[in-house]
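To start, the structure under review is shown below, and the notes come after it.
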Amino acid sequence: MNAPSASLPGGTWTLGDLTVPRFGYGAMQLAGPGVMGPPADHDGALAVLREAAALGITHIDTAGAYGPRVTNQLIREALHPYPASLHIVTKVGAVRDQQGGWIPARQPEDLRRAVRENLADLGLESLDVVNLRLGDALGHQPGSIAEPFEALVELQQQGLIRHLGVSNATAEQVAEAQAIAPIVCVQNMYNLAYRQDDELIDDLAAQGIAYVPFFPLGGFTPLQSTALSTVATRLDATPMSVALAWLLRRSPNILLIPGTSSVAHLRENVTGAGLPLSDEELAALDKIGH
Ligand SMILES: NC(=O)c1ccc[n+]([C@@H]2O[C@H](COP(=O)([O-])OP(=O)(O)OC[C@H]3O[C@@H](n4cnc5c(N)ncnc54)[C@H](OP(=O)(O)O)[C@@H]3O)[C@@H](O)[C@H]2O)c1
């Protein structure tokens, strides 16, 4: 694998002391249907990860809950031993039930177990970045995060975690985490059509903290909008490309982790995110989420 590629769109960002390309890869789609069980095409999943590496993508987003444990084991199988340039960002704070539900698991012992499992499945002695996944199946939920976040800080002090972040967090929870220990990223749902975090993104940008939108392409329901399709048609591009290019333009602290189980889509997304957007197109796109 190469160092972060200069040819990836968007340049690089620094997560604490780790340099990553702004174009990363989200591994959730590599697990089986409903993010449960193994992929239908095991070799195809390995090929996507290896293609990401070949393209110079050195930021991979994952979680022990994907599969569960499936995407982490695929990452290890495809890419271990890892080059020093590769930074795997994982999440703890949720487990899966038999039906595939996402169950909050944020007691200190749950978090310690989750960190141990991530380390074992990924084949690492220390995790570069761990996000505390908050909220529940309905999205973010208010409330203090002190107890689980302090449990992660303890693991960080033991050397098992390099940097911390939060996910599915309200602005108040981000501030609460920061009052306890430094964070390097916030991973929340955000895309062209869902812009609840506009203010938070600008606030984090001013502090030099990354904002990593999940569902950048709409997640399980692809983004659909007439304005988006109009701009895409005018540029002879796909709506996905326009959506990714818009995110890179939205703010310099936005890191992309679009998910795909397809090598062809991965390549398309890398090319698409580099699409130049004029001020006029940006203005048309800006209206979608408002
Ligand atoms: N913190 C959290 O709570 C949380 C929640 C959800 C996700 N995440 C993270 O965020 C990452 C991104 O989210 P996501 O993967 O759920 O959603 P996404 O990136 O918004 O969209 C992924 C979907 O878009 C499709 N797709 C991707 N590229 C495409 C292309 N060029 N043309 C057509 N379809 C395309 C994929 O299908 P194909 O497989 O067919 O390409 C997949 O169905 C995840 O991988 C995960 O790491 C975090």
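Given the structure, is LEU228 touching a residue at least 60 places away in the same chain (Cβ under 8 Å) and more than 17 Å from the chain's Cα centre (by Cα)? Considered against the rule, which asks whether it is touching a residue at least 60 places away in the same chain (Cβ under 8 Å) and more than 17 Å from the chain's Cα centre (by Cα), LEU228 comes out as yes.
Take ARG22 and tell me if it is within 19 Å of ASP128 (Cβ to Cβ) and of a type in the set (D, E, K, R). In short, yes. Within the stretch 64-109, being part of a loop (DSSP other than H, G, I, E, B) and either buried (at least 17 other Cβ atoms within 10 Å of the Cβ) or in contact with a helix residue (DSSP H, G or I) (Cβ under 7 Å, 6 or more places away or on another chain) (or both) holds for GLY64, ALA65, TYR66, PRO68, ARG69, TYR82, SER85, LEU86, GLY93, GLY100, ALA105, ARG106.
Taking (1) away from the ligand (no atom under 12 Å from the Cβ); (2) assigned to a loop (DSSP other than H, G, I, E, B); (3) crowded, with 24+ Cβ neighbours inside 10 Å in turn, PRO142 satisfies each apart from (3).
Restricting attention to the stretch 75-83, does a residue exist that is closer than 27 Å to ALA146 by Cβ and not acidic (Asp, Glu)? No, the conditions are met nowhere in the stretch 75-83. Across the stretch 233-254, the number of residues qualifying as touching a Leu at 6+ places or on another chain (Cβ under 9 Å), within 11 Å of the ligand (Cβ to nearest atom) and assigned to a loop (DSSP other than H, G, I, E, B) comes to 1. Against the test of being within 15 Å of the ligand (Cβ to nearest atom) and crowded, with 22+ Cβ neighbours inside 10 Å, the options VAL263, VAL270 yield a single qualifying residue, VAL270.
In the stretch 34-47, the residues that are over 16 Å from ARG69 (Cβ atoms) form no Cβ pair under 6 Å with any partner that is of a type in the set (A, V, I, L, M) and modelled with pLDDT under 95, whether six or more places apart or across chains.
If you check VAL174, VAL166 for being within 15 Å of the ligand (Cβ to nearest atom), free of Cβ contacts under 8 Å to residues at least 40 places away in the same chain, among the hydrophobic types (A, V, I, L, M, F, W, C) and part of a strand (DSSP E or B), only one passes: VAL166.
May I ask you to verify whether ASP128 is of a type in the set (Asp, Glu), under 23 Å from PHE215 (Cβ atoms) and either in a strand (DSSP E or B) or away from the ligand (no atom under 11 Å from the Cβ) (or both)? Judged against the criteria, ASP128 is a match.
If you take the residues of the stretch 181-221 that are in a loop (DSSP other than H, G, I, E, B) and without any contact (Cβ under 8 Å) to a residue 12 or more places away in the chain, which of them is farthest from the ligand (Cβ to nearest atom)? Only one residue tops the list, namely GLN196.
The sole residue among ASP97, ASP110, ASP61, ASP41 that is at pLDDT 95 or above and over 25 Å from VAL166 (Cα atoms) is ASP41.
Listed here are the residues, each with its yes/no results for (1) among the hydrophobic types (A, V, I, L, M, F, W, C); (2) within 15 Å of the ligand (Cβ to nearest atom).
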{"position": "TRP13", "(1), (2)": "yes, no"}
{"position": "GLY16", "(1), (2)": "no, no"}
{"position": "GLY24", "(1), (2)": "no, yes"}
{"position": "GLY44", "(1), (2)": "no, yes"}
{"position": "GLU51", "(1), (2)": "no, yes"}
{"position": "LEU55", "(1), (2)": "yes, yes"}
{"position": "HIS59", "(1), (2)": "no, yes"}
{"position": "PRO68", "(1), (2)": "no, yes"}
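The values are calculated or read from the model by the stated rules, or taken from the named source; none is laboratory data. If you're wondering where the values come from, they're calculated on a predicted model, not measured in any experiment. Positions of Cβ are backbone-derived with ideal geometry, glycine not excepted, and every protein chain shown enters the neighbour counts.
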